[in-house]
1. Please report the relative contact order for segment 99-185, taking Cα pairs under 8 Å with a sequence separation of at least 6, and give it as a percent rounded to a whole number.
2. Quick one: Debye curve from the alpha-carbon atoms of segment 99-185 only, equal weights, vacuum; give me log10 I(q)/I(0) at q = 0.18 Å⁻¹ to two decimals.
3. In units of 2.2 N^0.38 Å, what is the alpha-carbon radius of gyration of segment 24-144?
4. List, in the order given, every pair from Lys125/Lys221; Lys95/Lys125; Lys51/Lys212 whose Cα-Cα distance in the structure shown is over 25 Å.
5. How high is the relative contact order of the chain, given as a whole-number percent (alpha carbon pairs under 8 Å, six or more residues apart)?
6. Enter the angle in degrees (range 0 to 90, nearest 10) between the Cα long axis of helix 19-28 and the first principal axis of the Cα atoms of the chain, meaning the one along which they spread out most.
7. Less than 16 Å apart at the alpha-carbon level, and either on another chain or at least 8 residues along: which aspartates and glutamates does that give for Lys17?
8. Out of every Cα-Cα pair in the chain, what percent are more than 31 Å apart?
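Read-outs: derived from the displayed coordinates by stated rules, not from any lab. Quick caveat, the model's predicted, so the values are computed rather than measured. Cβ placement follows ideal geometry from the backbone for every residue including glycine, while neighbour counts extend to all protein chains displayed.
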Amino acid sequence: MTSSDMEYLTIALPKGKLFKPSADLLAKIGYTADGLSENSRKLVITNEAEKIRFIITKTADLPTYVEYGAADIGVIGKDVLLEEGKDVYELLDLKFGYCRMVVAVPQALKQEKLSDYAHMRVATKYPHIAERFFHSMGIQTEIIKLNGSIELAPMVGLAEIIVDIVETGRTLKENQLVEIAQINHATARFIANRVSFKMKFGRISKMVEDLKVLMESEAAK
Ligand code: PRP
């Protein structure tokens with residue numbers, strides 16, 4: 001680690017649904033930077049006065065940046081942590097971004113029991129979670145990894161089943177899909193690189209404390 005790495009705290013934020021609530025929460029405890037926006041073409045945004053550096057990553061890549069120490073800390077969904085299985089410290093459940101990971105099928109393909117879906121194809125952004133789930137149920141399936149718009153797959157015959165996250169349920173409904181099982185649920189987590197947590201313990205642990213105090217005061221409102 002270079003001295004300039006020690007001087008700055010690098011915070012990774014994911015593009016997508018968690019970006020705004022994450023950036024807003026960190027701003028409330030004093031961690032922000034001019035021009036920090038999901039739509040920024042600039043991917044590294046620095047606050048020189050506070051020695052803070054933000055990096056904006058693709059959601060699925062965020063744990064990799066933190067695991068390798070390219071970012072000291074970050075905010076990411078538990079769903080992504082479970083899928084990516086990276087070696088990072090999970091320091092705090094930030095409680096926002098609640099979603100459920102479910103198995104869904106087109107209404108017309110609904111079967112009586114889960115085992116009736118054996119040998120069918122499953123489209124998902126979460127191949128490890130899907131594989132583990134069907135394996136634990138003793139059901140053999142073919143997992144097809146996609147990068148988004150998963151609901152499209154059953155409509156065009158790419159797969160019969162999807163494993164995806166559900167927040168409001170609107171996307172499933174609008175695509176005539178019905179939920180047949182829930183695998184787990186997730187919220188946003190505050191994570192840290194293992195070495196950074198030791199080397200920058202003072203700064204990172206103060207952030208965790210400040211976040212806890214803020215969350216308690218907001219919950220009491
Ligand atoms: C997520 C998820 C569903 C949708 C669920 O996709 O994959 O498609 O949100 O939300 P809802 O239950 O509130 O409708 P996201 O918007 O992250 O985009 P993606 O499909 O391109 O990954």
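1. 50 percent
2. -0.67
3. 1.40
4. Lys125/Lys221, as the Cα separations exceed 25 Å there.
5. Computed value for the chain: 26 percent relative contact order.
6. Around 30 degrees separate the two axes.
7. Glu38, Asp61, Asp79, Asp164, Glu167
8. 30 percent
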